[in-house]
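The values are calculated or read from the model by the stated rules, or taken from the named source; none is laboratory data. Just so it is clear, the model here is predicted, and its values are computed rather than measured. Heads up, the Cβs are rebuilt from the backbone with ideal geometry, glycines too, and the neighbour counts pull from every protein chain shown.
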Amino acid sequence: MGMISVRLHGVLNERVQQAGDRGRAGGELRLPFEGAVKVRDVLERLGVSDKDVHLVFVGRKRVKLDEELRDGDLLAVYPPMAGG
Amino acid sequence: MECKGGYAGRLLEVDLTKGILTKAPLDPTFAREFLGGAGLGARLFLERFSGALPLSPDNPLLVMTGPLVGTSLPGTSRFAVCSRSPLTGFWGVGTCGGNFGPELKFAGYDGIEVTGKAAEPVYLLIDDDKVELRTADDLWGKDIYEVTAILKQRHGGERKSKVLAIGQAGENLVRFAAIGNDGAHFVGRTGMGAVMGSKRLKAVVVKGTGRVVPARPEEYEEVRARTLEKCKTSMVASSMKSMGTAAAMDLGVMTGDVPIRNWTCGEFAGTSSIGGPALRSDYLTRGAACFSCPIACKRVVKVDEGPYQTQEGPGPEYETLCTFGTYIENDNLPGIIKANELCNRYGLDTISCGATIAFAMECYEKGVLRDTGGIELRWGDIDTALKLVKFIAFRQGIGDLLAEGSLNAARKLGQGAEDLVVAVKGLELPAHDPRGFHGMGLEYAVGYRGACHLQHMSLYVEQGMNPFTDAGLRSDYAGPDSEGKAEMVLLSQNLGVPAGSACICIFAFACLEGKDLADMIQAVTGRDFGLKDLLALGERLWLLQRGVTNLLGARAEDDTLPPHVLSPLQDGMAAGSSPDLKRMLAEYYELRGLAAHGYPRRDVLEKTGLGFLAEKLQDAG
């Protein structure tokens, strides 16, 4: 079994109800998995719609939704966020 | 007064030298061809154009609304203040949300044209048809929060009257002085507060009882329902509602968008301490909205205790979190909130002010700036930054030099200081790094008001947040790449410039499509107006304002980027990247129809209905 850490940022963090596991600044969720798992599988498991996702990073590398994940990966998921 | 078809049909002309107030008709041809906001303002400015210096009485100051302002269409609260900029010497435009624009329409005016200079400080009181100048002797010297509270109390209370006011920075002619609307919304860029100060106009108070009546009511209801729904369901809007513009800090550090240490570094460990989540969890008291806005991105904050205690008030936007945070390597969030409050009170553009302090810190580090009156300007020192904000507002000590803006200060300092300035045409760059997004670099370089992130839609298009595909843009632009960016910038301007002149907030427009805005204009004004018309209007308004800046002295050599931004960073998410400005400029000049010396070509001006501008440019050489 492997483990992936996920940080949902901004409004995505608020929308996913994971009581006790959420914190400020995109509190880290830890998800165990077995076999091959892609970014989009993780999003589906968390109930996050693809269309609400703007950018995804594994560590500091920007990845697409089909990126296959490995044990120990830290996934950061961002909705669109606009400055001004 | 009822503003039928979106326009009151009249302007208030104020001659401060003679003390004469005149209600003048708005030329309907101007309204049709230049819509409103800064576009219409530029056309009116040209009517009075004399080449007058920015702080001279003859430099006109225009406060402009647009046809959508005062309706209940989403995000249509804005207004523009324009004039020749005392910071850049070129066309100056500052825009603002809040409540003043709608109230001015309700009082029955599309705009205010101010010329001359009062013998003593005054404020302008507009109460529907009743208009008068009153003494501001008792208000001069007060900050924006104070003068706003006094004038609201004097003229009907918090909700009844809307106030535009300058603080001490405007009075002291700080070249990047801002104007406050109800002490909560700010006309920040290009120093319009100093133009007000030069005219001894402390404030404008407006009360109106009219309304704006759309020409096509059924279409209006349909487009209103459609666009409100889009704003409510958009993720951009949801992020804004949740964390305001501060959310962009968290994303920006991952895309190379956030400038650090006067644009010389790509990494700063402190960003998580000063981003949206920290602001919300530790200092937010409530959200707030401009007139007729379902998004409500405003942050009301308070620092309860400690050395940076503030009253409850408007919180720092993303730009301010950068300029008083990452630009100077400061990770102290209450310190930034305090800096924001001081800038709001004194009336200073938080972008230019923080950027000028960052510039000064680098000058100090490099030994170019020595005569500081004993102040040590060290990176990360927010206490010194706070001291400098006050010194700038009151032009005390080293503040007198910095109050000139970074480029003017560098010219006085010499010794290579100009290489450390991060400005275009004298306007300090906002906090979006062109090394992460090359198209933004081209926007900055060719911007008619200098480095601008607001009078176009490139921020949203290039970052992939709204592709505006109906206007011919794409959803797959790579940020650190110059390929295809000239066309992207041109189309983004042709969308964003008319949005600015319609006075719709770009945060609302970022949730919509181009056609939605065209439909809004059609429903309110009643004239047939489609997406093609919107883009054609964008071309005309861009060329017009470009031409004004050319008349005020800008040439091709002013379309450039500062040395720091043309140097690749060694670290961070945009490391190794720098915009291919030469290539993008060549492509853009061709597409836009600019001649080699930087003026719009005569044939392009004539084709877009700007023949009168071609004549003026020819006269100017």
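Could you run through the stretch B:327-372 and say how many residues are free of Cβ contacts under 8 Å to residues at least 40 places away in the same chain and either under 23 Å from B:His185 (Cβ atoms) or in contact with a helix residue (DSSP H, G or I) (Cβ under 6 Å, 6 or more places away or on another chain) (or both)?
3
Could you list all residues from the stretch B:585-621 that are in a helix (DSSP H, G or I) and within 15 Å of B:Asp558 (Cα to Cα)?
Passing the criteria: B:Leu585, B:Ala586, B:Tyr588, B:Tyr589.
Could you check the stretch B:312-328 and list, in sequence order, the residues that are at the interface with chain A (Cβ under 10 Å from one of its Cβ atoms) and charged (D, E, K, R)?
Passing the criteria: B:Glu317, B:Glu319.
Can you report the number of residues in the stretch A:45-65 which are surrounded by 16 or more Cβ atoms within 10 Å (Cβ to Cβ), assigned to a loop (DSSP other than H, G, I, E, B) and not aliphatic (A, V, I, L, M)?
Selection size over the stretch A:45-65: 1.
Which residues, counting only those in the stretch B:65-116, are more than 30 Å from B:Arg224 (Cα to Cα) and not hydrophobic (A, V, I, L, M, F, W, C)?
Residues satisfying the conditions are B:Ser83, B:Arg84, B:Ser85, B:Pro86, B:Thr88, B:Gly89, B:Gly92, B:Glu113, B:Thr115, B:Gly116.
From the set of residues in the stretch B:465-488 that are of a type in the set (Gly, Ala, Ser) and over 19 Å from B:Asp516 (Cα atoms), which is surrounded by the fewest Cβ atoms within 10 Å (Cβ to Cβ)?
B:Ala478
Would you mind telling me which numbered condition in (1) touching a helix residue (DSSP H, G or I) at 6+ places or on another chain (Cβ under 8 Å); (2) touching a residue at least 40 places away in the same chain (Cβ under 8 Å); (3) surrounded by fewer than 24 Cβ atoms within 10 Å (Cβ to Cβ) B:Val548 fails?
The number of the failed condition is (3).
Consider B:Met584 against the criteria (1) crowded, with 20+ Cβ neighbours inside 10 Å; (2) out of contact with any helix residue (DSSP H, G or I) (no Cβ under 6 Å at 6 or more places or on another chain); (3) over 25 Å from B:Ser406 (Cα atoms): it satisfies all of them except one. Which criterion is unmet?
(2)
For the stretch B:462-480, which residues satisfy the criterion of being touching a Lys or Arg at 6+ places or on another chain (Cβ under 8 Å) and within 14 Å of another protein chain (Cβ to nearest Cβ)?
Answer for the stretch B:462-480, where residues must be touching a Lys or Arg at 6+ places or on another chain (Cβ under 8 Å) and within 14 Å of another protein chain (Cβ to nearest Cβ): B:Glu462, B:Pro467, B:Tyr477, B:Pro480.
In this structure, does B:Gly496 turn out to be surrounded by fewer than 24 Cβ atoms within 10 Å (Cβ to Cβ) and within 14 Å of chain A (Cβ to nearest Cβ)?
Judged against the criteria, B:Gly496 is not a match.
If you go through the stretch B:456-478 one residue at a time, do you hit one that is assigned to a loop (DSSP other than H, G, I, E, B), free of Cβ contacts under 8 Å to residues at least 60 places away in the same chain and of a type in the set (Asp, Glu)?
Looking through the stretch B:456-478, at least one residue is assigned to a loop (DSSP other than H, G, I, E, B), free of Cβ contacts under 8 Å to residues at least 60 places away in the same chain and of a type in the set (Asp, Glu).
If we keep just the residues of the stretch B:147-190 that are basic (Lys, Arg) and at pLDDT 95 or above, which is nearest to the chain's Cα centre (by Cα)?
Checked the stretch B:147-190; the qualifying residue nearest to the chain's Cα centre (by Cα) is B:Arg189.
I'm told B:Cys265 meets every condition in (1) surrounded by 20 or more Cβ atoms within 10 Å (Cβ to Cβ); (2) more than 8 Å from chain A (Cβ to nearest Cβ); (3) under 15 Å from B:Met573 (Cβ atoms) except one. Can you identify the failing condition by its number?
With (1) surrounded by 20 or more Cβ atoms within 10 Å (Cβ to Cβ); (2) more than 8 Å from chain A (Cβ to nearest Cβ); (3) under 15 Å from B:Met573 (Cβ atoms) applied to B:Cys265, the lone miss is (1).
Could you check, for the stretch B:272-284, whether at least one of its residues is within 21 Å of B:Ala355 (Cβ to Cβ) and surrounded by fewer than 21 Cβ atoms within 10 Å (Cβ to Cβ)?
Yes; the residues of the stretch B:272-284 include at least one that is within 21 Å of B:Ala355 (Cβ to Cβ) and surrounded by fewer than 21 Cβ atoms within 10 Å (Cβ to Cβ).
Which ranges mark the helices (runs of 4 or more DSSP H) fully within the stretch B:214-319 that have 3 or more residues being more than 30 Å from B:Leu407 (Cα to Cα), among the acidic types (Asp, Glu) and free of Cβ contacts under 8 Å to residues at least 12 places away in the same chain?
So the answer is B:217-233.
Filter the stretch B:450-461 down to residues that are farther than 18 Å from B:Ser578 by Cα and away from chain A (no Cβ under 14 Å), then give me how many there are.
1
State which residue is nearest to the other protein chains (Cβ to nearest Cβ) when the search covers only the stretch A:48-84 and only residues that are of a type in the set (Gly, Ala, Ser) and within 17 Å of A:Glu28 (Cα to Cα).
Filtering first and then ranking leaves A:Ala76.
Looking at B:Ala574, B:Ala523, can you tell me which residue is in a loop (DSSP other than H, G, I, E, B) and modelled with pLDDT of 95 or more?
On inspection, the qualifying residue turns out to be B:Ala574.
Could you check, for the stretch B:419-427, whether at least one of its residues is acidic (Asp, Glu), over 30 Å from B:Gln463 (Cα atoms) and surrounded by fewer than 24 Cβ atoms within 10 Å (Cβ to Cβ)?
Scanning the stretch B:419-427, I find no residue that is acidic (Asp, Glu), over 30 Å from B:Gln463 (Cα atoms) and surrounded by fewer than 24 Cβ atoms within 10 Å (Cβ to Cβ), so the answer is no.
Please report, ordered by residue number, the strands (runs of 3 or more DSSP E) entirely within the stretch B:48-109 with at least 1 residues that are among the aromatic types (Phe, Trp, Tyr).
Strands (runs of 3 or more DSSP E) meeting the threshold: B:79-84, B:91-96.
Among the residues of the stretch B:437-449, is there at least one that is within 14 Å of another protein chain (Cβ to nearest Cβ), surrounded by 24 or more Cβ atoms within 10 Å (Cβ to Cβ) and not acidic (Asp, Glu)?
The answer is yes; a qualifying residue exists.
Give the stretch B:278-334 a look and list any residue that's touching a Gly at 6+ places or on another chain (Cβ under 8 Å) and among the acidic types (Asp, Glu), or say none.
B:Glu317, B:Glu319, B:Glu329, B:Asp331
Being touching a Pro at 6+ places or on another chain (Cβ under 7 Å), among the aromatic types (Phe, Trp, Tyr) and in contact (Cβ under 8 Å) with a residue 60 or more places away in the chain narrows it down to one of B:Phe106, B:Phe45, B:Phe100, B:Phe34, so name that one.
Of the residues listed, the single one that is touching a Pro at 6+ places or on another chain (Cβ under 7 Å), among the aromatic types (Phe, Trp, Tyr) and in contact (Cβ under 8 Å) with a residue 60 or more places away in the chain is B:Phe45.
Name, by its number, the condition in (1) more than 24 Å from B:Arg592 (Cβ to Cβ); (2) not in a helix (DSSP H, G or I) that does not hold for B:Ile504.
Failing condition for B:Ile504: (1).
Residue under question is B:Ala595, and the condition is that it be among the hydrophobic types (A, V, I, L, M, F, W, C) and modelled with pLDDT under 95; does it hold?
When the stated conditions are applied, B:Ala595 does not pass them.
Looking for whichever is away from chain A (no Cβ under 14 Å) and without any contact (Cβ under 8 Å) to a residue 12 or more places away in the chain here; the options are B:Glu487, B:Glu483, B:Glu513. Which one fits?
B:Glu483
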